[in-house]
Amino acid sequence: HIATSLPLPSEGDHLRPRIDLIVFMIDIKSKYSLKNVETSLAYVDASFFLGKVCFLVTGVGRMNACNIDTSAVCKLGEAYCSPVLFCELELEGVRVATAQRLLRMLQICAGHIPGVSALSLVSLMRKSDDD
Amino acid sequence: NVDPQKTAFVLRKAWTLYSVTPLYRFRRGRLRDYARLLGAFIAAEKQKGLAVEVGVELDIKVALSSLADLRGSEQDQAALLVQLSSRSQASSRSSEDKLVWSGWFCSVYGEDLSENVPEDFTCLPLFLTHGAESYTSMVGSWFQKTFDCCFRRLAISPLNLSWMVAMWAGCKLDRATSAVELVFSVPRLSQPLDISYAIHPEDAQALWDTVQKTPEEITQEEVDVFMDCLYAHFHRHFKIRLSAAKLVKVSTAVASAHCDGIVKILHSQYLPGVLMLLTELAISQIQ
């Protein structure tokens, strides 16, 4: 499911399946996309921040068009205890790899991978970031 | 402390920016030799027909000079100015020399680069050119071959343009003569759309004064607040979100800058500050 901002319209509430993973997409070229994500975060229940939220920064292949402070995005990830992924959607290889990575995260968040929980995945990712 | 006469040539010209990696075995004492060698190189290139100048066959004279005034600290190398003048063969009077191209290398507070570079390397990371692209490429090729350095066009991101407009709009000038202007291009439309947003210089200065907490210091947060105010004002009136558009050019009474790496400096008082910022951008592109 794709939404341009949160909260989701309440009309669809009763039909909506369980949400396992929220990916907030930030376009490095658009300051507005970062602002939008920051406002939308307020509508997310705290329980999601135990490994079911991830920030995806797109457009990093063109740093010359960068309009956001990437260190601010990393701080956002730290503040919300959620991983920040960087990718370039215009490059097919990176696009496919990123999609596969998100799919893997989704499988874990949905409980389809025995022995790995969303929370353990997030602490694993955070450990490797610090290294 | 900067002699305005020596630096007058910098003002009110559109300079194209490049970053340059350190020059290997560059000797200040050999400027006359270098000028001669570069002149011979250009003449040879023209013979090969690589510089297509339709019309009069022009004799190109090269002059290289050092500008001790154009630097930040004593750690910086003095700037290096390259000038190409033409003398029409039809006329024998030496006063017919016409400046056709100029370029200069400089470093203003570029210690970040020069501190970490081995001996025998000269750091002049910022290169500014004015004149035909064909001459720029010939001069660039000669320097690359002679000093084993690498030139790259210096692009300026919207993030850096925002810094520039916030900094320069806040500069105190005797008379704020021109408006603060931001030009945006709107992506993904069938026909490209450019939006020009002009602000009265006193209003921009007043806004920056309320945002900046410590004089002489600027933080990313302050730049963000300044820009957000401008975006919010525009959205209130026109319902257009400039924060989703691409900032391509900023203009103030101090200087103007375009994302393709073209700047024009209008005020000698703020020349060192502008060059310091551009040096920083050049260094971060090199590293």
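Structure notes:
- Enumeration of residues in the stretch A:12-34 that are within 14 Å of chain B (Cβ to nearest Cβ) and small (Gly, Ala, Ser): A:SER30, A:SER33
- Here the stretch B:142-169 is the region considered, the condition is being away from chain A (no Cβ under 14 Å) and without any contact (Cβ under 8 Å) to a residue 24 or more places away in the chain, and the residue that is surrounded by the most Cβ atoms within 10 Å (Cβ to Cβ) is B:GLN144.
- Among the candidates B:LEU247, B:LEU230, residue that is within 14 Å of chain A (Cβ to nearest Cβ), in contact with a strand residue (DSSP E or B) (Cβ under 9 Å, 6 or more places away or on another chain), assigned to a strand (DSSP E or B) and open to solvent by less than 40 Å² (accessible area, probe 1.4 Å): B:LEU247
- All conditions but one from (1) open to solvent by less than 30 Å² (accessible area, probe 1.4 Å); (2) outside any strand (DSSP E or B) apply to B:PHE184; the one that does not is (2).
- Some residue of the stretch B:269-285 being open to solvent by 50 Å² or more (accessible area, probe 1.4 Å), closer than 30 Å to B:GLN5 by Cβ, outside any loop (DSSP other than H, G, I, E, B) and acidic (Asp, Glu): yes
- Test: residue in the stretch B:89-98 that is modelled with pLDDT under 85, acidic (Asp, Glu), in contact with a strand residue (DSSP E or B) (Cβ under 7 Å, 6 or more places away or on another chain) and outside any strand (DSSP E or B): yes
- B:VAL223 being among the aliphatic types (A, V, I, L, M) and under 26 Å from B:GLU280 (Cα atoms): yes
- The number of residues in the stretch B:177-227 being within 11 Å of another protein chain (Cβ to nearest Cβ) and within 23 Å of B:LEU266 (Cβ to Cβ) comes to 3.
- Subset tally (residues that are open to solvent by less than 40 Å² (accessible area, probe 1.4 Å) and in contact (Cβ under 8 Å) with a residue 12 or more places away in the chain) for the stretch A:9-26: 5
- Counted residues, the stretch B:233-244 - those being out of contact with any Leu (no Cβ under 7 Å at 6 or more places or on another chain) and open to solvent by less than 20 Å² (accessible area, probe 1.4 Å): 2
- When restricted to residues that are part of a helix (DSSP H, G or I), more than 14 Å from every other protein chain (Cβ to nearest Cβ) and not hydrophobic (A, V, I, L, M, F, W, C), the stretch A:59-99 contains 6.
- Selection from the stretch B:49-73 of residues that are farther than 23 Å from B:PHE147 by Cα and at pLDDT 80 or above: B:ASP59, B:ASP69, B:GLY72, B:SER73
The values are calculated or read from the model by the stated rules, or taken from the named source; none is laboratory data. In this text the structure is predicted, and so the values were computed from the model without any measurement. Backbone-built Cβ (ideal geometry, glycine too); neighbour counts: all protein chains shown. The area values use the complete protein model at the heavy-atom level, side chains included, leaving out ligands, DNA and RNA. Shrake-Rupley method; radii C 1.70, N 1.55, O 1.52, S 1.80 Å.
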